[in-house]
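In what follows, a single structure is set out as structure tokens and then discussed.
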Amino acid sequence: MHEEEQAEENVTIPQMVEDVRFGKMPRRHLISTLTAMGISAVGVGAIVAATAQQHRPHAVPAINQNDNTQQHLQLHNQHITHQSQGNTGALHADYAEHAIVEDTMYREPLIGRAAIMSRKGMGMTAIPDLQIKITNRVAHGNQVSAEWVATGTHNGDLPGMPATGRPFTLRGVTVTIRQNGKIVRESLYYDLHDLQRQIGPDAK
């Protein structure tokens, strides 16, 4: 049992989400594992909601438990600062050349810096007043899981959601995995249906 627990510690959250999506892991097991990792009930709900979205699977890097956790938290702080300041140059440099970003809003993962930064640019244009508040954060080796509350006004087009001018509040979790100081995998989990209820074409 101890060996099983140790092996599970090295499995990333994105890998577990993919396993649930493809029927390799029961949802209840994902919930209990996330809770044991220190993810709040709200964060667990956001991740579980995202398992309903089908994505093409991509290999997920393993966790390196020997990595300096404090360094990864510091790099995450810098990343959040660059994002809040709209520092696209620093954000571009923060991703590995062939990084993969999985976003609940997109059916296909974004692969490579150019695609990732294009999406970020669209988001910054669509929601120029975006504010992100980190509510909980846990690190396991080179994997950092940050729970957040995002607020803003939907002033530009997003995939499947033309601009409405409506305000929104969204809760979610971003899981970041780094290698050699660069982000190689980033997964954004949130309840897309909740967002669509607020700013989608049928929002009231």
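Could we say that Met117 is surrounded by fewer than 19 Cβ atoms within 10 Å (Cβ to Cβ) and either free of Cβ contacts under 8 Å to residues at least 60 places away in the same chain or part of a strand (DSSP E or B) (or both) here?
Working: surrounded by fewer than 19 Cβ atoms within 10 Å (Cβ to Cβ): yes; either free of Cβ contacts under 8 Å to residues at least 60 places away in the same chain or part of a strand (DSSP E or B) (or both): yes.
It is true that Met117 is surrounded by fewer than 19 Cβ atoms within 10 Å (Cβ to Cβ) and either free of Cβ contacts under 8 Å to residues at least 60 places away in the same chain or part of a strand (DSSP E or B) (or both).
Restricting to the stretch 39-55, and then to whatever is modelled with pLDDT of 95 or more and surrounded by fewer than 18 Cβ atoms within 10 Å (Cβ to Cβ), can you tell me which residue is farthest from Thr174 (Cα to Cα)?
Going through the stretch 39-55, the residues modelled with pLDDT of 95 or more turn out to be 39-48.
From the residues that got through so far, the ones that are surrounded by fewer than 18 Cβ atoms within 10 Å (Cβ to Cβ) too are 40-42.
On the way: Ser40: 13, Ala41: 15, Val42: 13 Å.
Only one residue fits best here, namely Ala41.
What are the residue pairs meeting all of these: first residue in the stretch 50-78, first residue within 16 Å of Glu186 (Cα to Cα), second residue assigned to a loop (DSSP other than H, G, I, E, B) and modelled with pLDDT under 75, Cβ atoms under 8 Å, and 6 or more apart or on different chains?
From the stretch 50-78, the pairs are Ala62/Asn10; Ile63/Asn10.
Restricting attention to the stretch 169-191, does a residue exist that is in contact (Cβ under 8 Å) with a residue 24 or more places away in the chain, crowded, with 18+ Cβ neighbours inside 10 Å and out of contact with any strand residue (DSSP E or B) (no Cβ under 7 Å at 6 or more places or on another chain)?
Yes, there is a match, as at least one residue in the stretch 169-191 is in contact (Cβ under 8 Å) with a residue 24 or more places away in the chain, crowded, with 18+ Cβ neighbours inside 10 Å and out of contact with any strand residue (DSSP E or B) (no Cβ under 7 Å at 6 or more places or on another chain).
Just to be sure I understand, how many residues within the stretch 7-37 are surrounded by 14 or more Cβ atoms within 10 Å (Cβ to Cβ) and either outside any helix (DSSP H, G or I) or β-branched (Val, Ile, Thr) (or both)?
Final tally of qualifying residues: 9.
Cβ-Cβ below 7 Å, separation at least six or inter-chain, first residue in the stretch 129-150 and free of Cβ contacts under 8 Å to residues at least 40 places away in the same chain and outside any strand (DSSP E or B), second crowded, with 17+ Cβ neighbours inside 10 Å and β-branched (Val, Ile, Thr): which pairs?
Taking only residues 6 or more apart or on different chains, the pairs are Asp129/Thr153.
So which residues in the stretch 192-204 are surrounded by fewer than 15 Cβ atoms within 10 Å (Cβ to Cβ), in a loop (DSSP other than H, G, I, E, B) and in contact (Cβ under 8 Å) with a residue 24 or more places away in the chain, if there are any at all? Spell out how you get there, then give the answer.
Going through the stretch 192-204, the residues surrounded by fewer than 15 Cβ atoms within 10 Å (Cβ to Cβ) turn out to be 193, 197, 201-204.
Okay, now just the ones that are also in a loop (DSSP other than H, G, I, E, B), so 201-204.
Scanning the stretch 192-204 gives Pro201, Ala203.
Select from the stretch 1-38 the residues that are more than 16 Å from Gln54 (Cα to Cα) and touching a His at 6+ places or on another chain (Cβ under 8 Å) and write down the one among them that is modelled with the lowest pLDDT.
Residue satisfying both the conditions and the ranking: Glu9.
The values are calculated or read from the model by the stated rules, or taken from the named source; none is laboratory data. Values in this document were obtained by computation on a predicted structure and should not be read as measured data. Heads up, the Cβs are rebuilt from the backbone with ideal geometry, glycines too, and the neighbour counts pull from every protein chain shown.
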